[in-house]
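I have placed the structure first, in the form of structure tokens, so that the comments after it can refer back to it.
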Amino acid sequence: MGEDSEDSGDTVDSADGVNDMPFPLRILDILDILIVTILVYQLLMLIRGTRAVQLVTGLGVLVLAYAVSRYLRLYTLQYLLGYLGLVIPIALLVLFQPELRRMLEQLGRGGALVTGLTPWTLGREEAIRLVNDAARAARVLSMRKIGALMVLERRTGLQDFIDTGIKIDALVTVQLLINLFFPNSPMHDGAAIIRGNRVIAAGCLLPLSENMSIGRTLGTRHRAGLGIAEQADAVAIIVSEETGTISLARDGEMVRGLSEEELKAALLSLLAAESARAAMPWRWWRLTPRT
């Protein structure tokens, strides 16, 4: 009898231990976590390829600064950041208006559930072929004094600007690039945006640089190339229609008077740095130094 009593007491204790668990894990909880994870992933895929990624990063910095100010009891900074917290939701609606519209459109088409991660990073041979074709096309256009603006997309997506042009989605070749900028063609005045080794769109509209240090001799094409290099980490190849000069814009700076070989060397160094970053996906920040 005594042994039976002890056994029953042990059974009651173990049952009480299960009931006393603070957060008993259920199958529905696992399903809940899975659904939230998928929704967050799809949201990140929707803003991927746009400038909203930089805005989200800046918002994360503000949240981190607010948490640090509370921990260190920096009351003035905490008050200012808390006041910004009241304005930020309204500002986000304005800043993310294109992305929100695109998200709702994809939800209406059912496309948000199939959004995936596209490998835009090129292999070594593909990168060399892309650089050779772009540099050779720039040289031919320069010799004929045909104006051109080619933009190579990097980590910052250019989907907002792609949507302003004519979709092409064709493999980059010398002949294709020359024909896109041939005088009197429908896409001559716009920019051709290259993603990976494919021309995604042509005739695209780009933001103009407001840099007052630019000489007045530079026209709209050069200002557009420098403008996209200021707002994103894209690389712009500009060929002057008047002088045939080849220019390269990156990181808000422009180098003019490049030869075909100099352009090849600059592009190869940039693509090599991009491939090295892609090999370490855990790095979210850009460490490429300016040259």
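Coordinate-derived values only; no laboratory data. Keep in mind that this is a model prediction, so the values were computed, not measured. Cβ sites come from the backbone with ideal geometry, for glycine too, and all protein chains shown count toward neighbours.
Treat the count of other C-beta atoms within 10 Å as a stand-in for reagent exposure and order Asp169, Asp133 from fewest to most.
Numbers: Asp169 9, Asp133 19.
Result, fewest neighbours first: Asp169, Asp133.
Would you calculate the convex hull of the Cα atoms in the range 142-192 and tell me its volume per residue in Å³?
Expressed per residue, the convex hull around the Cα atoms of the range 142-192 is 91 Å³.
With a cut-off of 13 Å, note down the residues of the range 205-235 whose backbone N falls inside the zone around a label point 7 Å from the Cα of Thr243 toward its beta carbon.
215-219, 222
Mind giving me the FRET efficiency for Arg198 and Thr76? R0 is 41 Å, r the Cβ-Cβ distance, nearest 0.05 is fine.
Details: r = 51 Å, r/R0 = 1.25.
Computed FRET efficiency for Arg198 and Thr76: 0.20.
When Leu171, Leu92 are ordered from fewest to most other Cβ atoms inside 10 Å of their Cβ, what list results? Before the final figure, lay out each step's value.
Values: Leu171 13, Leu92 16.
Fewest-to-most ranking of Leu171, Leu92: Leu171, Leu92.
Please give the length that would be gained between Asp169 and Thr156 if that part of the chain were fully extended, namely 0.36 nm times their separation in residues minus their C-alpha to C-alpha distance (nm, one decimal). Intermediate values should be presented prior to the final figure.
On the way: separation 13, 0.36 × 13 = 4.68 nm, distance 1.86 nm.
Extra length from Asp169 to Thr156 when fully extended: 2.8 nm.
For the range 56-71, in order, what is each residue's ³J(HN,Hα) by Karplus, 6.51 cos²θ - 1.76 cosθ + 1.60 with θ = phi - 60°, in whole Hz (x at glycine and Pro)?
5, 4, x, 5, x, 5, 5, 5, 5, 5, 5, 5, 5, 5, 5, 5
Amide H of Asp233 versus every other amide H placed in the peptide plane: which residues, excluding those fewer than 5 positions away on the same chain, fall under 5 Å?
Long-range HN contacts for Asp233: Thr156.
Would you please put 147-158, 75-86, 235-246, 257-268 in order of how densely packed they are, using the mean number of other Cβ atoms within 10 angstrom per residue and starting with the highest? Write out the running numbers ahead of the final one.
Numbers: 147-158: 22.5, 75-86: 12.5, 235-246: 20.7, 257-268: 16.6.
With the highest mean Cβ count within 10 Å placed first, the list reads 147-158, 235-246, 257-268, 75-86.
So if the hydrodynamic radius of the range 124-278 is defined as the Kirkwood radius over C-alpha pairs, what does Stokes-Einstein give as its diffusion coefficient at 20 °C and 1.002 mPa s, in µm² per second? Intermediate values should be presented prior to the final figure.
Values: Rh = 15.1 Å.
This corresponds to a translational diffusion coefficient of 142 µm²/s.
Once you put a point 7 Å from the Cα of Asp189 and another 7 Å from the Cα of Leu43, both along the Cβ direction, what distance in nm separates them?
Here the answer is 4.1 nm between the modelled labels.
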